[in-house]
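For reference, the structure is listed below as structure tokens.
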Amino acid sequence: MKASLKTFTQFSSTYGFRAYTISASVDFPMREVPAQSHMNRKVACDKPIDRFSLMKLIDSSISSNGFAPTALLFHEFSRSIDVNLCNTLIRRYTDSKNHSRAVFVYTQMRKLNILPDSSTFPSVLKSVAQLCCGEVGKSIHCNAIQLGFTSDVYTNTALVYMYGICGQPDDAHQLFDEIPERNVVTWNSLITSYTHNRMFREAIDVFREMLASGVKPGEVTMVGVLSACSHLGTLSQGRWIHDYIVKNRLRVNVYVGTVLIDMYAKCGDIDEAKKVFETMGVKNIYTWNVLISAYAMNGQGEAALQSFDRMIVEDLKPDHVTFLGVLCACCHQGFVEEGRRLFSSMINQFGLQPKLVHYGCMIDLLGRGGFLDEAMEIIHSMKLKPDAIIWRTLLGACRFHGREELGEFAFRKLLVLEPTNGENYVLISNVHTQKKKWTEVGEVRELMDSGGIQKIPGCSSIEIENAVYEFKASDPLKTGNEEIHQMLQDMKNQLKLAGYVPETEIALYDINEEEKEHNLIYHSEKLALAFGLLHSSEPTLRIMKNLRICQDCHQFFKLASAVYKRNIVVRDMKRFHHFTGGLCSCKDYW
């Protein structure tokens, strides 16, 4: 039968290990033991048995009969079991990802009063972290304190890692500050704690503290901190870390190289990402996947597909992530026929069953291409239940092509799956707006108001001289920023001379034309752009946005890149837009 983690917690408490109530759920194999099983026969405690045979017997017992009879086995052979045997078992189970077994062996040690040593805690705490059993980890932390391991660097490092992975980064940092000795692995564990919990700025801050303390980082450190830069899109900090790697002659192994490619790609510098790829001596499937995704998100769909073909030639078998990358490339470029072919080959040639994300790509590709009926056929034929992303993708395509009835159908599905997600209401409202059905638009707004549903506010950021400046969609005069207000007015006037016409149809319907233009000019990405033009002389401005860039801002940025002779890179929630000389890398297909 299946036993929940709560059952395991109660069981472990019975055998001498204090545990807390756990909310997570992990399956443990347990079943009744036949009456004549050798596990039910009395075995003399002093019966001689060699170490190897005993380990094999314990391992076989856990594999076939679950935890309860194995506890009896520990009892019967208690005289032959010592800390070294338990440590070997725990380490073996941890290394083979049988984490529940590793924790179980620890509970039996405590039941038999076998005292853990410095080799016990690091392995078992790693298993606790992978099981995400934070309360169990606290119990083991208490055991370590009681047994006098508060000064052991390996135990403390494992505890920092455990707290971080279990979603308690504050506890991880507090422990880190208190421990008397740290090594590079301890610092890495704290950086991992923050990146795992999406606290990327804090991870970079810890890296800087690490350098200031005189500890030399290694390859694992670089993987963690570069990952943080990738998520933040902080290109200058990512470049600085890359320079540090080169100057200090740190080894750019396959892991560091792969994360460097990812960092440059997610910061919008695809040329540098390609350079890193070409200079790498060893590449694996993850490296190729990152490169393909890099091309896809930066509007170079042809290069993504060429990289896929090159990977096949080099005899690397694509996986689910590979196909996600190439299908995204087809979506971003509108390669409908190529996307159909790749989706088919994924199943028929490479034997991979599509996941929801792959179906989502196909719905997006077909929907954007105008093949909405074919997209619906795929949804109906899916073996998986469509999730909110599938229906929202279809609704977005209906907005683009004016398919009001089908959009209403998708919206009703979303009301069941995500009744409080404001994005869905905005999409259906835009469908009605396109058809100028103001009554329906008003009804959607009333529905949002009655449910207390809010739109996600637009937020953009720009990095200038290692500092990140954030802007929310609003009137800068409300915050007293006359400088940005004046710059925006000047920009609007200049761009109108170059042909800019505000896309007022996307603005609220119940305000006049002048108010619509006023609202559009204060979108967050325009505020960031105005600030960048005022305070940066760099030829390229890089802006991050939390939502999809709107049609008006897209046209505005294209003209701004030509009028102000700057390259403008915008990373929105879907992809990168590289604006240069009045054109965008997406070719107006996004």
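The values are calculated or read from the model by the stated rules, or taken from the named source; none is laboratory data. It should be emphasised that the depicted structure is a prediction, and the values quoted were computed from it without experimental measurement. Surface accessibility is based on the protein's heavy atoms, side chains included, excluding ligands, DNA and RNA. Shrake-Rupley method; radii C 1.70, N 1.55, O 1.52, S 1.80 Å.
Applying the Karplus relation 6.51 cos²θ - 1.76 cosθ + 1.60 with θ = phi - 60° to the stretch 227-238 yields 3J(HN,Hα) values of 4, 5, 4, 4, 5, 7, x, 8, 5, 4, 5, x Hz, where x marks Gly and Pro.
With contributions of -39500 (n - 2.57) from each DSSP H run of at least four residues, the per-residue ellipticity at 222 nm computed over the chain stands at -19500 deg cm²/dmol.
Per residue, the average separation of C-alpha pairs within less than 8 Å and at least 6 apart gives the chain a relative contact order of 7 percent. What the phi angles of the stretch 384-392 give under the Karplus curve with 6.51, -1.76 and 1.60, with θ = phi - 60°, is a coupling list of 9, 6, x, 9, 4, 5, 4, 5, 5 Hz, glycine and proline written as x.
Using the Karplus relation 6.51 cos²θ - 1.76 cosθ + 1.60 with θ = phi - 60°, the per-residue 3J(HN,Hα) values for the stretch 465-471 come to 6, 6, 10, 9, 10, 10, 9 Hz, with x marking Gly and Pro.
Listed values [x] 41; [y] 60; [z] 51 include one computed from this model; for percent of Cα pairs over 32 Å apart that value carries the label [y]. Backbone amide hydrogens, once placed in the peptide plane, bring Ile464 within less than 5 Å of Tyr469, excluding anything fewer than 5 places away on its chain.
Probing with 1.4 Å while keeping every protein chain in the model, the per residue accessible area of the chain equals 47 Å². Bridge orientation summary for the chain: considering DSSP beta bridges with both residues in this region, about 75 percent are antiparallel.
Percent of accessible area on the chain owned by carbon and sulfur, 1.4 Å probe? Carbon-and-sulfur percentage of accessible area, whole number: 51. Annotation: amide H of Asn546 within the under-5 Å range of Cys459, sequence separation 5 or more or interchain, hydrogens built in the peptide plane.
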